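Quick notes on the structure that follows.
The values are calculated or read from the model by the stated rules, or taken from the named source; none is laboratory data. No experiment lies behind these values; they were computed from the predicted model shown. So basically every Cβ, Gly included, is an ideal-geometry build from the backbone, and we count neighbours across all protein chains shown. Please note that ligands, DNA and RNA were not included when accessible areas were found on the heavy atoms of the full protein model with its side chains. Shrake-Rupley method; radii C 1.70, N 1.55, O 1.52, S 1.80 Å.
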Amino acid sequence: MKKLVVPMLFLAVSLHAQAATRPDTTDAYRWLEDLNGERAMSWVKAENAKTTAVLEADPRYADIYREAFRMASAKDRIPYATFIGGELYNFWQDSAHKRGIWRRTSLESYRSTDPAWVTVLDLDTLAAREKANWVWKGATCALPAERRCLLRLSDGGEDAVTIREFDLPSSAFVTNGFSLPKGKQNVSWASEDTLLVAREWKPGELTASGYPYITKRLARGQPLDAAVEIYRGDPKDVAVSAFTMTDGKGHRVSMIGRGISFFESENFIVRPNDVVRLNVPKKFEIQDLFDGQIIARLTQDWTAAGRTYKSGSVVSFDAAAATKDPQNLAPTLILEPGPRESVSGVSSTKNQLLVGLDQNVKGRVLIFSRSPSGAWSRRPIALPDNVSTGVTSTDARSDRAFINVAGFLTPSSVWLADAAQGTATTVRSLPPRFDASSQVVEQLEATSKDGTKIPYFLVHPRNMKRDGSNPTLLYSYGGFEVSLTPFYSGSIGKLWLERGGVYVLANIRGGGEFGPAWHDAGLKTHRQVIYDDFAAVAQDLIAQKITTPRRLGIQGGSNGGLLMGVELTQHPELWNAVDIQVPLLDMLRFEQIAAGASWVGEYGSVSKPDERAFLESISPLHNLKPGVTYPMPLVWTTTKDDRVGPQHARKFAAKMADMKIPYLFYEVIEGGHGSGANIEQRAHTDALEFTYLARQLMDPLKATP
């Protein structure tokens, strides 16, 4: 996918932050915003010690950790591969490679039971040699040869990265090659000897969200200060990024995306002597280049050349014509999803275009071909039903692609597709991580407060009694047009389902399960419908006697962590466990914390009176009330999270402590916007979570005589 690059698990973009800096004299916890301050870190370490003393002493913890680590470090995990230069590349971590190795093999070898991997880069060795805390963040290789790659290395898991040029044939960093120091930056190959770079060129040249707004052209051998500026956005933007797309027939186009809010952008084509803006809507996502056509997904209606194309549709238009005349575009419709459909992704092989389509939250992959006259035709790839499907890699030199297939009870598998023939066969499968023989999956609907039907998936034992006795874990996200579809999780299966738990995935508004309108329904001051949807699913589970508040727990991270905080404060009577992961919780300060200013497009801004009033009404930090009985939450975050920031979780826990409200708090010292930088840290976080959930929702272990 080629579009505005702003790192997210789901978050990032827009402002009004300058006007939002009014003093808050009532914030007694501002000192915890000092990210690495001595006082703040002393508090964190003390809180960590208290929480681990409770959870690690639980008789279930040791077994849960052992299983979590075993699955995280298992040798029989699927090595997901990427097509690069006619070979397959994979990044791999296990107990012997805690930081990981980047390695390659051939397609023939990959299809065997025991592929012969060749290590290209050992990150543990590199980190030891350089005395650095490197975490892998990926590689971008220069098409069409794909001999040289830009590696992104993070300090402890931050979004900020150091970028270095790497030579694949020699498996070595390029002497005097491209090298960009640490920063939140976006870099694209304009050619094998030229980069387009958006970064902080001089101190302070970042948006209020902490992202770059100036793009320059950097030639091989040039120092950074000699790079030539080609585009300058505005410090009030969310971010500016550059990207280059090359298709299987050799067409190439470089573009710049100017993010003016999280969901709105201006798109520019880079020409030899200037940069010109495309006459396209602001809610418009560039996806790929195929057969000389720019492929885009619309998130608002677009009227062009006398025709209106509906929001959610995929369209194409000629790149060469757009470069010559960016004002008068003549798009062609590729796909218009139905009311219960949404496009999940677009990618291309050499001669075919692949489009992921979710139908009632279940996956399909369609192949589109373009005739010499420019007409598009479609056909499906035969894949299993009632699962999630997603294209994970495509080959620019052929019509091969890898597609991941998974379901709640269906172990993940990798299918090798021949897009020219429309066929796909399984090449790798994950061995079952838990006994699913007694489990079933249902798709049900709850009715929200305004009458909207909210679908949800229910995973439970076939012989489940509907007597309210079932420990149930309800998960959702509800924002940023992120769709939640069926997935396979060894951790949930082994550590929850096998132990008698029920799992629920709710497709509430704010996500993208049914296209842009499903997301837009919960934007800014309309956001309460998202929280009502989630509560409606919980109430439906209770009404059907699947569970009771004593046995019902909820879980969500990032924007989903905000959801958890809101549900804790709005409906404390509905839950007995609330797992709040890397959350936003202070919605009156979110614009001043980490990358928070970038999310004004989703949440609104405190600089606008109506939006401030709404944010204050739902802000979990500001809606904790004395005299209310709350379930004891687990609030966890990471020090290295430079996206959401750990400050939210810290302040929330500190306020609960002052109010004498029971809670558990844990902060992973590394890991970025996630649960840890290596498999040990991730297994430890998993074990803390599932031990907490078992303590709150399941009966105590009986003593062995």
Legend entry - Failed condition for Pro455, given (1) within 26 Å of the chain's Cα centre (by Cα); (2) part of a loop (DSSP other than H, G, I, E, B); (3) surrounded by fewer than 22 Cβ atoms within 10 Å (Cβ to Cβ): (2)
Legend entry - Tally of residues being crowded, with 23+ Cβ neighbours inside 10 Å and either modelled with pLDDT of 85 or more or not small (Gly, Ala, Ser) (or both) across region 668-682: 2
Inset, instruction - Out of Val197, Val174, report the one residue that is closer than 13 Å to Arg147 by Cα and either under 23 Å from the mean Cα position of the chain (by Cα) or not aromatic (Phe, Trp, Tyr) (or both). - result: Val174
Legend entry - From the options Tyr80, Tyr65, residue that is among the aromatic types (Phe, Trp, Tyr), closer than 24 Å to Gly157 by Cβ and assigned to a loop (DSSP other than H, G, I, E, B): Tyr80
Legend entry - Long-range neighbours under 6 Å by Cβ, at least six apart or interchain, first residue closer than 17 Å to Thr472 by Cβ within region 526-539, second of a type in the set (Phe, Trp, Tyr): Val537/Tyr456
Inset, instruction - Output the number of residues of region 100-135 satisfying the condition of being in contact with a helix residue (DSSP H, G or I) (Cβ under 6 Å, 6 or more places away or on another chain) and either part of a strand (DSSP E or B) or open to solvent by 30 Å² or more (accessible area, probe 1.4 Å) (or both). - result: 3
Inset, instruction - Specify the residue that is nearest to the chain's Cα centre (by Cα); the eligible residues are those in region 414-452 that are within 30 Å of Thr349 (Cβ to Cβ) and hydroxyl-bearing (Ser, Thr, Tyr). - result: Ser429
Legend entry - Checking Leu143 against (1) open to solvent by 30 Å² or more (accessible area, probe 1.4 Å); (2) touching a residue at least 60 places away in the same chain (Cβ under 8 Å); (3) farther than 25 Å from Ser393 by Cα, the condition it does not meet: (3)
Legend entry - Among (1) modelled with pLDDT of 95 or more; (2) out of contact with any His (no Cβ under 6 Å at 6 or more places or on another chain) - the single one Ala594 does not satisfy: (1)
Inset, instruction - Please enumerate the residues belonging to region 267-316 that are of a type in the set (D, E, K, R) and out of contact with any Phe, Trp or Tyr (no Cβ under 9 Å at 6 or more places or on another chain). - result: Arg271, Asp274, Glu285, Asp288, Asp291, Arg307
Inset, instruction - Inspect region 687-701 for any residue being among the β-branched types (Val, Ile, Thr), surrounded by 23 or more Cβ atoms within 10 Å (Cβ to Cβ) and within 21 Å of the chain's Cα centre (by Cα) and give the result as yes or no. - result: no
Inset, instruction - Determine, yes or no, whether Ser377 is assigned to a strand (DSSP E or B) and more than 29 Å from the chain's Cα centre (by Cα). - result: yes
Inset, instruction - Kindly check whether there is at least one residue in region 326-340 that is at pLDDT below 95 and touching a Phe, Trp or Tyr at 6+ places or on another chain (Cβ under 9 Å). - result: yes
Legend entry - Any strands (runs of 3 or more DSSP E) falling wholly within region 497-606 and containing at least 3 residues that are over 30 Å from Pro461 (Cβ atoms) and in contact with a Lys or Arg (Cβ under 6 Å, 6 or more places away or on another chain): none
Inset, instruction - For residues that are among the small types (Gly, Ala, Ser) and in contact with a Pro (Cβ under 8 Å, 6 or more places away or on another chain), scanning just region 382-441, find the one that is nearest to Arg70 (Cα to Cα). - result: Ser429
Legend entry - Conditions (1) touching a residue at least 24 places away in the same chain (Cβ under 8 Å); (2) over 25 Å from Glu146 (Cα atoms); number of the one not met by Asp395: (2)
Inset, instruction - Return yes or no: is Phe262 surrounded by 19 or more Cβ atoms within 10 Å (Cβ to Cβ), among the aromatic types (Phe, Trp, Tyr) and at pLDDT below 95? - result: yes
Legend entry - Scope region 353-368; condition touching a Lys or Arg at 6+ places or on another chain (Cβ under 9 Å) and either open to solvent by 30 Å² or more (accessible area, probe 1.4 Å) or not small (Gly, Ala, Ser) (or both); matching residues: Leu353, Val355, Leu357, Asp358, Gln359, Asn360, Val361, Leu366, Ile367, Phe368
Inset, instruction - Please specify each residue of region 147-190 satisfying the condition of being without any contact (Cβ under 8 Å) to a residue 60 or more places away in the chain, open to solvent by less than 40 Å² (accessible area, probe 1.4 Å), among the polar types (S, T, N, Q) and under 24 Å from Val270 (Cα atoms). - result: Gln185
Legend entry - Long-range neighbours under 8 Å by Cβ, at least six apart or interchain, first residue without any contact (Cβ under 8 Å) to a residue 60 or more places away in the chain and farther than 23 Å from Asp274 by Cβ within region 324-337, second in a loop (DSSP other than H, G, I, E, B) and of a type in the set (Ser, Thr, Tyr): Leu333/Ser313; Ile334/Ser313; Leu335/Ser313; Glu336/Ser313
Inset, instruction - Kindly provide the set of residues from region 170-197 that are over 24 Å from Gly156 (Cα atoms) and outside any loop (DSSP other than H, G, I, E, B), ordered by number. - result: Trp189, Ala190, Ser191, Thr194, Leu195, Leu196
Legend entry - Odd one out for Arg232 among (1) out of contact with any Leu (no Cβ under 7 Å at 6 or more places or on another chain); (2) among the charged types (D, E, K, R); (3) within 30 Å of Asp395 (Cβ to Cβ): (3)
Inset, instruction - Within region 237-249, track down each residue that is at pLDDT 95 or above and either in a strand (DSSP E or B) or open to solvent by 40 Å² or more (accessible area, probe 1.4 Å) (or both). - result: Ala239, Val240, Ser241, Ala242, Phe243, Thr244, Met245, Thr246
Legend entry - Search result, residues across region 310-328 that are open to solvent by 20 Å² or more (accessible area, probe 1.4 Å) and part of a loop (DSSP other than H, G, I, E, B): Lys310, Ser311, Asp325, Gln327, Asn328
Inset, instruction - May I ask you to verify whether Leu430 is among the hydrophobic types (A, V, I, L, M, F, W, C) and closer than 18 Å to Lys494 by Cα? - result: yes
Legend entry - Residues located in region 273-309, provided they are open to solvent by less than 10 Å² (accessible area, probe 1.4 Å) and part of a loop (DSSP other than H, G, I, E, B): Leu278, Gly292
Legend entry - Unique match (being among the charged types (D, E, K, R), touching a residue at least 12 places away in the same chain (Cβ under 8 Å), open to solvent by 30 Å² or more (accessible area, probe 1.4 Å) and part of a loop (DSSP other than H, G, I, E, B)) among Arg433, Arg466: Arg466
